[in-house]
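Enquirer: Following this message is one structure expressed as structure tokens.
Nothing in this text is a laboratory measurement; each read-out follows from the coordinates by a stated rule. On a predicted model such as this, the values are computed, not experimentally measured, just so you know. Please note: Cβ atoms are built from the backbone with ideal geometry, for glycine as well, and neighbour counts cover all protein chains shown.
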Amino acid sequence: MRRILFVDDDPAALERIREAVQCRHPDWEIEFAASGTKAWEKIVHTPFDVVVTDWDMPGMDGAELLFKVMHRNPQTVRIALSDQADRETLLQSLGPAHQHLSKWGDLEALMGTITRATKLRDLLANERLQGLVSHVLALPSMPDLYLELLEELRREEPSVQRIGQIISRDLGMSAKILQFVNSAFQGRAHPAAGIEEAVTFLGIETIKALVLSLQIFSLYSHASIEGFSFSELWTHSWTTGVLARRIAEAENLPAREADQAFLAGLLHDVGKLVLASGLPTQYQTALALRAKKQSALWEAEQTLFGCTHAEVGAYLLGLWGLPVPIVEAVAFHHVPAQGQNQGFDLVIAVHVANGLLHEKENAGSAQASSALDLDLLVCLGLQDRLPFWKEKASV
């Protein structure tokens, strides 16, 4: 049973939500509060799986309420609603809210967002990790890329293309930009399929506000972890994205899906970034376990955490509202058979790109021998494509 709290000082808005939810989701346990203060009283008594709140309320507004929820119950999904489609409102919500939706938009979209968010929690059985992921406001970026972006933004005439190229080389910056631009609050018919498209839609001034004023991108400043290289993670992520796009293009996927294949490849290991930066000591233990058992890192993570970086990354990206195909490709890139495979798709593209790279990086090791799910490729009739993909990927 999912427990969901809706907060709004407008009785008509709450009644509208009540009727829609009771009709379509009788399995949800729903409660309502007419103010931020009353909502907080309920939350202190019993936590909720999801809190959906109006952003503009007298007294304790949506920002204050969601910040308090974030610190008390970090595993709670936090959704803000607003009828003011201005840039400043959305910028301010980037911290406390996982997603910011239009208050008077399609209620089906709101219920779909809640459904996807609660289903994602099933991927991540570890409540401590749910709290860790839900508490993430920004992901660390590579210092060189961050400084390169600052330099471009401070030019008299910054280049949208150049800004897009810089951001697309960094998984932390890319994930945050996509969270912002793909919010249903932006009113887009289709989610952005590429970073340059997202930057073009947002505009230079919004990017400047995100980077210079709100500082939603942060530099990596944590202690080093023996056996784990953050620069190698960035390089592997970028290369996986490039290979996934090449493979998708080789299979004649539309350009938009090929762009999504790049993003999914770029972000496939974002869960490693969350775990290594949020739980460095425990992640060091996972690395030691991998070395001791000569296993894949994701298998060591499964033993230690009860889940892997794939589920952690998918949970974060899903909370941030990234497109479902990207979230699924991240979630299943090590175990593609757990996806809804009916043929070649983004899951297969990222799995193959990642597998081919790992085989190259770990030649002769246990990880290399188990990098690709050859049985699934045979089942889908794709085994004969593997040599062609290797050729296209120049591996």
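Enquirer: Quick one: Karplus J couplings for the range 60-66, per residue in order, coefficients 6.51, -1.76, 1.60, θ = phi - 60°, nearest Hz, x for Gly and Pro?
Expert: Listing the rounded values in order: 6, 7, x, 5, 5, 4, 5 Hz.
Enquirer: Another question, then. Expected output is a single nm value to one decimal: the length gained when fully extending between Thr46 and Arg16, i.e. 0.36 nm times separation in residues minus the C-alpha distance. What is it?
Expert: Length gained between Thr46 and Arg16: 8.4 nm.
Enquirer: Gain in length, Ala337 to Asn126, computed as 0.36 nm per residue apart minus the alpha-carbon separation, to one decimal in nm?
Expert: Stretched fully, the Ala337-Asn126 segment lengthens by 73.7 nm.
Enquirer: Can you give me the Cα centroid spacing of the range 127-153 and the range 30-69 in angstrom?
Expert: 27
Enquirer: Now, a different point. What list of ³J(HN,Hα) couplings, whole Hz, do you get for the range 252-269 from phi and the Karplus terms 6.51, -1.76, 1.60, once you set θ to phi - 60° and write x for glycine and proline?
Expert: 6, 5, x, 4, 5, 6, 5, 5, 5, 4, 4, 4, 5, x, 4, 9, 5, 9
Enquirer: Take every DSSP beta bridge with both residues inside the chain and express the antiparallel ones as a percent of the total, to the nearest 5.
Expert: Here the antiparallel bridges make up roughly 5 percent for the chain.
Enquirer: Using a ≥ b ≥ c from the Cα gyration tensor of the range 3-123 (square roots of the eigenvalues), is it rounded, prolate or oblate, where a/c under 1.5 gives rounded and otherwise the larger of a/b and b/c decides, a/b for prolate?
Expert: It is rounded, given that a/c, with a ≥ b ≥ c, falls under 1.5.
Enquirer: Follow-up question, since we're still on this one. Please build a GNM for the chain, connecting alpha carbons under 10 Å apart, and tell me which residue among Arg121, Arg246, Arg72 fluctuates the most.
Expert: Answer for the Gaussian network model of the chain: Arg72.
Enquirer: Would you mind classifying the range 291-382 by shape? Square roots of the alpha carbon gyration tensor eigenvalues, ordered a ≥ b ≥ c; an a/c under 1.5 is rounded, otherwise it is prolate if a/b is larger than b/c and oblate if not.
Expert: oblate
Enquirer: Extending each Cα 7 Å along its Cβ direction at Arg3 and Leu212, get the distance between those two points in nm, one decimal.
Expert: Calculated label separation equals 4.6 nm.
Enquirer: Order 285-292, 35-42 from most to least packed using the mean count of other Cβ atoms within 10 Å.
Expert: Most protected by this proxy first, the peptides run 35-42, 285-292.
Enquirer: Quick one: how many lysine pairs in the chain have C-alpha atoms under 26 angstrom apart, if they're 8 or more apart or on different chains?
Expert: Total qualifying Lys-Lys pairs in the chain comes to 22.
Enquirer: Further question: Tell me, what is the percent relative contact order of the chain, built from C-alpha pairs under 8 Å that lie six or more residues apart?
Expert: Relative contact order for the chain comes out at 13 percent.
Enquirer: Provide the gained length on full extension for the span Glu391 to Ser159, in nm with one decimal, where the gain is 0.36 nm per separating residue minus the Cα-Cα distance.
Expert: 80.1 nm
Enquirer: May I pose another question? Mind giving me the nanometre distance, one decimal, between the label points for Leu374 and Ser229, set 7 Å out from Cα along Cα→Cβ?
Expert: Taking the two extended label points, one gets 2.9 nm.
Enquirer: For the chain, take the longest principal axis of its alpha carbons; what is the angle in degrees between that and the long axis of helix 107-123, to the nearest 10 within 0 to 90?
Expert: Taking the Cα atoms of the chain, the angle to 107-123 is about 50 degrees.
Enquirer: Would you please give the FRET efficiency between Gln282 and His71, computed as 1/(1 + (r/R0)^6) with r the Cβ-Cβ distance and R0 = 25 Å, to the nearest 0.05?
Expert: After rounding, the FRET efficiency stands at 0.70.
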